[in-house]
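Before any comments, here is the structure.
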Amino acid sequence: MNLFEYVVDRWDRLSLQSWLHVSVVVQSTIIAAVVGILIGIAVYRSPLGSSIATALASTILTIPSFALFGLLIPVVGLGVEPTVIALVLYALLPIVRNTIVGLGGVDPAVSDAAKGIGMNRIRVLTRVELRLAWPAILAGMRVATQMLMGIAVIAAYAKGPGLGSEVFSGLTGAGSANALNEALAGTLGVVILALLVDGLYVLIARFTVPRGV
């Protein structure tokens, strides 16, 4: 059986795994975006706070995926929980860093002008600064999503959802019938999904980034 025949024969299972893979990555990115943007807002005016937040987020990326899942399994068990926690932690760095850079790059004169027309600090942040920083924040989310697409494969080690189970099944059964097809189907599926989601980010940027920003 060649790869095409394998995919056609197991399309129902592969399509479900693909949906679960995208779902867990997108949901984890959204959670990480909320957390990361809030952290960025809290520290971007403080050089020390920004350095500490960035350093802590960077430290997480130094932990190998297998090790992090291994640490989480005894605490939260197998399945979705360790997968989401790990993916959120890995997604923080690009989002936190880009939020700090985006907000820090807003011209102080623009913020002062907004205050001059009666806006309070919260309105200046939400209606001016975050809008101007949005392209940088979105770029951070885009990088995080692409990174998580690959890391989510490792989540199969913790019985997480997605195409990782297909890849792991193929690798552990190397030499058996369809082992190569399993690994290839899972790997190519992740690549295709990553390209599709990246295209979605391009559309989001087109419709949400104000002209001239």
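Carbon and sulfur: what percent of the chain's accessible surface (1.4 Å probe)? Write down the numbers at each step before the final one.
On the way: 7800 of 11210 Å².
Roughly 70 percent, rounded to a whole number.
Among Ala158, Ala185, Ala174, whose mean-square fluctuation peaks in a Gaussian network model of the chain (Cα, cutoff 10 Å)? Highest fluctuation of the listed residues: Ala174. When the alpha carbon gyration tensor of region 1-110 is reduced to an equivalent ellipsoid, its three semi-axes come out at 36, 18, 11 angstrom, largest first. Taking the helices alone, the chain has a mean residue ellipticity at 222 nm of -26500 deg cm²/dmol, built from -39,500 (n - 2.57) per DSSP H run of at least 4 residues and averaged over all its residues. Note on the chain: along the principal axes its Cα atoms extend 71, 38, 20 Å, ordered by decreasing extent. Against the chain, whose longest principal axis is taken from its Cα atoms, helix 47-61 shows a tilt of about 0°. For region 104-213, the alpha-carbon coordinates run over 71, 26, 17 Å along the three principal axes, in decreasing order.
In the context of the full set of protein chains, residues of region 1-114 present 52 Å² of accessible surface per residue (probe radius 1.4 Å, heavy atoms only). Ordered by solvent-accessible area of protein heavy atoms (1.4 Å probe), largest first, the residues Arg211, Arg13 come out as Arg211, Arg13.
Computed with the Debye formula from one identical point scatterer per Cα of region 135-195, without solvent, the log10 of I(q)/I(0) at q = 0.13, 0.23, 0.25 Å⁻¹ comes to -0.38, -0.87, -0.95. Can you give the local net charge around Ile100? Use residues other than it whose beta-carbon is closer than 15 angstrom to its beta-carbon, Lys and Arg +1, Asp and Glu -1. Neighbourhood net charge equals +1. Based on the Stokes-Einstein relation at 25 °C and a viscosity of 0.890 mPa s, and on the Kirkwood radius from alpha carbon pairs, region 162-213 is assigned a translational diffusion coefficient of 191 µm²/s.
The values are calculated or read from the model by the stated rules, or taken from the named source; none is laboratory data. Since the model is a prediction, treat every value here as computed from it, not as a measurement. So basically every Cβ, Gly included, is an ideal-geometry build from the backbone, and we count neighbours across all protein chains shown. Heavy atoms of the whole protein, side chains included, go into the accessibility calculation; ligands, DNA and RNA do not. Shrake-Rupley method; radii C 1.70, N 1.55, O 1.52, S 1.80 Å.
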